[in-house]
Amino acid sequence: MVYLLCLLTVLGCMVLLDRRFRLALWQAPRRAATVLLAGVALFLAWDLAAIAAGHYRMGDSALMSGIELGPELPLEELVFLVFLCYVTLVVRGLVDLLLGRRRQSPARREES
């Protein structure tokens, strides 16, 4: 369970960072959720193809929860894929923020 708890902790930190600076889900929830789900689906399909081809198998570790979503597919892999896609969205939002390229809402553009 240690690895799963670590993944959930860093995922929670990403959510707090996103919320504080409105970088992804708190800036454009529908668009960010769509991109997040598409990314997770793509990487999950990639994992399933690798499992089916015999290129990937789940190792044994005392740090893992032991919960499998399918043959050779641990729960931690799904949580990791969510984290990977979400951190990408947050970093993209952070780069846009730091470079001053934030998209303004239509109401904000009219005020400018």
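Okay, here's what the table says:
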{"quantity": "Pair list, Cβ < 6 Å and 6+ apart or interchain, from region 33-54 residues that are in contact (Cβ under 8 Å) with a residue 24 or more places away in the chain and more than 12 Å from residue 77 (Cα to Cα) to residues that are among the basic types (Lys, Arg) and assigned to a helix (DSSP H, G or I)", "calculated": "none"}
{"quantity": "Scope region 1-53; condition open to solvent by 60 Å² or more (accessible area, probe 1.4 Å), part of a loop (DSSP other than H, G, I, E, B) and among the small types (Gly, Ala, Ser); matching residues", "calculated": "53"}
{"quantity": "Some residue of region 68-80 being in a loop (DSSP other than H, G, I, E, B), open to solvent by 60 Å² or more (accessible area, probe 1.4 Å) and over 18 Å from residue 43 (Cα atoms)", "calculated": "no"}
{"quantity": "Region 87-112 - residue that is open to solvent by 80 Å² or more (accessible area, probe 1.4 Å) and basic (Lys, Arg) and, of those, modelled with the highest pLDDT", "calculated": "92"}
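The values are calculated or read from the model by the stated rules, or taken from the named source; none is laboratory data. From a predicted model like this one, the values you see are computed outputs, not experimental measurements. Cβ sites come from the backbone with ideal geometry, for glycine too, and all protein chains shown count toward neighbours. Just the protein is used for accessible areas: all its heavy atoms, side chains included, with ligands, DNA and RNA removed. Shrake-Rupley method; radii C 1.70, N 1.55, O 1.52, S 1.80 Å.
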